[in-house]
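Each reported figure results from applying straightforward, stated rules to the coordinates on display, with no laboratory input. A quick note: this is a predicted structure, and the numbers were derived from the prediction, not measured. With ideal geometry, Cβ positions are generated from the backbone for all residues, glycine too; neighbour counts draw on all protein chains shown.
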Amino acid sequence: MIATQTISISRVKESRIREVDFANIPFGRIYTDHMFIADYRNGEWRNFRIIPYGYIPISPATPALHYGQAIFEGMKAYRGPEGEALVFRPHDNWMRMNISGERMCMPHIPEELFMESLATLIDLDRAWIPSTPGASLYIRPFMFSADEYIGIKASTDFTFMIILCPVGAYYSTPVKVRIETRYTRAIEGGTGYAKAGGNYGGAIYPAKLAQDKGYHQLIWTDGKTHEYIEESGTMNVAFIMNDTLVTPALTDTILAGITRDSVIKLAKSWGWKVEERKISVRELIEGLERGTVTEAFGMGTAATIAPIELIGYGEKDYKLPPVSERKYGNRILEELDGIKRGIKPDPFNWVVRM
Ligand code: COI
């Protein structure tokens, strides 16, 4: 157990919070007053500290910069009815971070370190949790190799940090996606299931090509045949096909989304038909043509439940029914949002009060 007093706290002289327009919060551009840092040296985590948010010194030779030995997580906290921080499923993010760390040859983060540093940091920057509808406090834990060594080997030194960011919607409108069949995000045996920085870095160029044509994101297909749907760049995807919620089954090329898992659990608890299985591009396109695919949405921490309004494939765009008619996606969004904000019952005990 790391006792809270072992986290040294150096506070800002003056908070920057008055500079923030909480009525217009962009995603990922505003950071709170403080951040948490821990160092991994000689086989153990040490030097737990919270300091004012700002630049950090790192060696120009760090393998994180050269070889991408870096992982991250994304969580959200909401302001509860009594002003408390309601953090959504942080234990699941802690577990997934360690799954990513193992794949990237990085040290285990003990649960106490993850949870206590998070709780202490949130407590200090509690005033930054937005109460504006649609807004929340995005939490970004991350770890990177901190060796000073330019050769390739298993690193010995690492840095674990948490930064906090009041955010509005990631996608402010329904999303236009394009099915990608040339470039590959992940391949069997690779790092696709890990939340490793390089998975996202490698996706920027193909996504940019689609963005230049007016799409927001890609839907990735499997790297071997490009015949099966995998995930989107910032979220998992699900479809309502013949009144069944269908989403690609998890493999080592797909990130095990915590929002995805929450959607499946809620849908099953309501008695909905849910299928986690392979979805071929052909099945999806035929369903869109016949009108049996009535809804499509992304599921992610940043994206929340993001309705997909249009799917591009080859030279054709397939438009989905208007968002106002989507009884499945809208119910999930409303219920999940209510649970996260503490205004609806939390049957799975997902919310942790901090
Ligand atoms: C998240 O949903 O938390 C993510 O990490 C997606 C992203 C902004 C890359």
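A few comments on the model shown:
- When the Cα positions of MET299, TYR193, ILE37 are compared along the charge dipole of the chain, MET299 comes out farthest toward the positive end, with charges on each C-beta of Lys, Arg, Asp and Glu.
- Cβ-Cβ distance of ALA249 and ASN42, R₀ of 35 Å, FRET efficiency by 1/(1 + (r/R0)^6): the value works out to about 0.25.
- The stretch 149-196: trypsin sites (Lys or Arg not before Pro) in DSSP loop, at most 13 other beta carbons within 10 Å: LYS153, ARG182
- Given +1 at the Cβ of Lys and Arg, -1 at the Cβ of Asp and Glu and no other charges, the dipole of the stretch 175-340 around its Cα centre is 160 debye to the nearest 20.
- Inter-part distance, the stretch 300-354 to the stretch 73-115, computed on C-alpha centroids, equals 21 Å.
- Approximate shape of the stretch 8-167 as ellipsoid semi-axes (Cα gyration tensor, √5λ), whole Å, largest first: 29, 17, 14
- Loop-resident sites, the stretch 3-62, for GluC sites (Glu not before Pro), counting at most 11 other Cβ within 10 Å (DSSP): GLU14
- Dipole moment magnitude, nearest 20 debye, the stretch 43-87 about Cα centre, only Lys, Arg, Asp, Glu C-beta charged: 120
- Charge dipole (Cα centre; +1 on Lys/Arg Cβ, -1 on Asp/Glu Cβ; no other charges) of the chain amounts to roughly 400 debye.
- Considering all different alpha carbon pairs of the chain, the Kirkwood hydrodynamic radius works out to 21.3 Å.
- Integer Hz, Karplus 6.51/-1.76/1.60 couplings in order for the stretch 282-293, x for Gly and Pro: 4, 4, 5, 5, 4, x, 5, 5, 7, x, 8, 8
- Options ASN349, TYR67, TRP94, ranked by Cα towards positive dipole end of the chain, top entry (Cβ charges): ASN349
- Computed from the C-beta positions of GLU188 and ARG126 and an R0 of 56 Å, the FRET efficiency is 0.80 to the nearest 0.05.
- Mean projected area of the Cα convex hull of the stretch 87-137, taken over all directions, amounts to 4.2 nm².
- The local environment of TYR313, defined by Cβ-Cβ distances under 14 Å, has a net charge of 0 under the rule Lys, Arg +1 and Asp, Glu -1.
- Fully extending the segment from VAL20 to ASN349, taken as 0.36 nm per residue of separation minus the present Cα-Cα distance, adds 115.2 nm.
- For the stretch 246-341, the list of chymotrypsin sites (Phe, Trp or Tyr not before Pro) that fall in a loop by DSSP and count at most 13 other C-beta atoms within 10 angstrom reads TRP270.
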